[in-house]
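Notes to accompany the following structure.
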Amino acid sequence: MSSSSNSRRQFIKQTGKAGIAMASMPIIHTFGGLQLSQEVNFVQQPLPYAYTALEPFIDAMTMELHHTKHAAGYTKNLNDACVTEKVDIKNTSITSLLASISKYSTKMRNNAGGHYNHELFWQSMQPAPASLPTGTLAKAIEKSFGSFADFQKAFAEAAKNRFGSGWAWLILNEKNELAICSSPNQDNPLMDLAETKGYPLLGLDVWEHAYYLKYQNKRPDYINAWWNLVNWKFVEDRFNANKF
Ligand code: MN3
C-alpha cells in the first residue's frame, strides 16, 4: 500500500465523526482518477503535497489558508446543508448531488460546488517543473484548439474574463469534445443549471483568495504562473476515463 493511501485512510479515521463513522467503512467514489470519500459526511482529503510544494508559483501561506480555511469551510457547510435538507449522504455521490443541484438551496449549491471544485483543484496540481499534455489528450487539444499554445491562450482568456469570483474549466462537453468555459462563484459544469455543461477535466480557481497574497490585483500573472503546476497526467487520466 502506498504511503499516500495510508495517510488518506488515517485522515479519514481521524476526521470521521466519533462513534458511527469510526465503525463504518468509507465509501470511495472514483471519478476519472479523482477519488472522493464520504462516510456519514463528505470528507476533505489531505493535500497530496506540502503547503510549500507549489512555491514560488503559489505561496505556502495561500495554500494553507486556502485548504484549511476556505476549502474546509465548503466541506463543513456542505455537510451542514445535507443535514438540514435531509440528503442521504451514504447513497448520494457528490456528482449526483451536483447534477440535481437546482432542487436544493443556495447554500447547498455554493458548498457542494466548493467541495467538489477544490478537491479537483488540489489533485490537478503538482510541484514544478511544468509538464505538457501527452498521448490522446495532447492530440485532442491540438484537434480542438489548434495547438497547446492556442489552448493556453483561450483558457487564460476565460480565466481573466470571469468577472468577480469563479472558475475557468477545460471540459468534455455533451458532444464529447474538449471545450473551455468559466462559471461564477462555486458553480461548475456538472450542475444541472450550468450555462455550459460538461465533465470537468481541469479547473482553475480565480477567486481572489486563491492568489491575492502573492499577486494582489494581477490575476493574469497568477494564471501564467499556474501553468507550471498543472498535473497533466491527472488530467489525461480523467480524459481517458471519460465518465461522470
Ligand atoms: Mn478557492
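The values are calculated or read from the model by the stated rules, or taken from the named source; none is laboratory data. The structure presented is a predicted model; accordingly, all values stated were derived computationally and were not measured. Reconstructed Cβ throughout: ideal geometry from the backbone, glycine too, with neighbour counts over all protein chains shown.
Of everything listed in (1) out of contact with any helix residue (DSSP H, G or I) (no Cβ under 9 Å at 6 or more places or on another chain); (2) farther than 24 Å from R219 by Cα, the single unmet condition for E157 is (2). From the residues in the stretch 73-95 that are surrounded by 15 or more Cβ atoms within 10 Å (Cβ to Cβ) and among the hydrophobic types (A, V, I, L, M, F, W, C), which one is nearest to the ligand (Cβ to nearest atom)? Going through the qualifying residues, I end up with L78.
Report, by residue number, each residue of the stretch 36-72 that is among the polar types (S, T, N, Q), surrounded by fewer than 15 Cβ atoms within 10 Å (Cβ to Cβ) and either closer than 20 Å to K107 by Cα or in contact (Cβ under 8 Å) with a residue 40 or more places away in the chain (or both).
Listed by number, the list holds a single entry, T68.
Among the residues of the stretch 161-190, those that are of a type outside the set (G, A, S), on the phi < 0 side of the Ramachandran plot and in a loop (DSSP other than H, G, I, E, B) comprise R162, F163, N173, E174, K175, E177, Q186, D187, N188, P189, L190.
Matching residues to (1) within 16 Å of the ligand (Cβ to nearest atom); (2) in contact with a helix residue (DSSP H, G or I) (Cβ under 8 Å, 6 or more places away or on another chain):
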| position | (1), (2) |
| --- | --- |
| I180 | no, yes |
| E195 | no, no |
| D205 | yes, yes |
| F234 | no, yes |
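Inspect the stretch 100-108 for any residue being of a type outside the set (A, V, I, L, M, F, W, C), away from the ligand (no atom under 16 Å from the Cβ), in contact (Cβ under 8 Å) with a residue 60 or more places away in the chain and surrounded by fewer than 14 Cβ atoms within 10 Å (Cβ to Cβ) and give the result as yes or no. Checked the stretch 100-108: at least one residue is of a type outside the set (A, V, I, L, M, F, W, C), away from the ligand (no atom under 16 Å from the Cβ), in contact (Cβ under 8 Å) with a residue 60 or more places away in the chain and surrounded by fewer than 14 Cβ atoms within 10 Å (Cβ to Cβ).
I'd like to verify a number: residues in the stretch 201-232 that are in contact with a His (Cβ under 7 Å, 6 or more places away or on another chain) and buried (at least 21 other Cβ atoms within 10 Å of the Cβ), how many?
1
Annotation note: of A128, A99, the sole residue that is at pLDDT 95 or above, of a type in the set (G, A, S), farther than 15 Å from L170 by Cα and not assigned by TED's automatic domain parsing to the domain that holds V83 is A128.
The residues of the stretch 40-85 that are closer than 23 Å to I27 by Cα, more than 17 Å from the chain's Cα centre (by Cα) and of a type outside the set (A, V, I, L, M), listed by number, are N41, N79, D80, C82, T84, E85. Which residues, counting only those in the stretch 109-160, are within 16 Å of the ligand (Cβ to nearest atom), polar (S, T, N, Q) and in a helix (DSSP H, G or I)? Residues satisfying the conditions are N110, N111, N117, Q123.
Yes/no per residue for (1) over 20 Å from E64 (Cα atoms); (2) out of contact with any Pro (no Cβ under 6 Å at 6 or more places or on another chain); (3) free of Cβ contacts under 8 Å to residues at least 24 places away in the same chain; (4) of a type in the set (V, I, T):
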position: L201; (1), (2), (3), (4): yes, yes, no, no
position: L204; (1), (2), (3), (4): no, yes, no, no
position: W207; (1), (2), (3), (4): no, yes, no, no
position: K214; (1), (2), (3), (4): no, yes, no, no
position: V230; (1), (2), (3), (4): no, yes, no, yes
position: N240; (1), (2), (3), (4): yes, yes, no, no
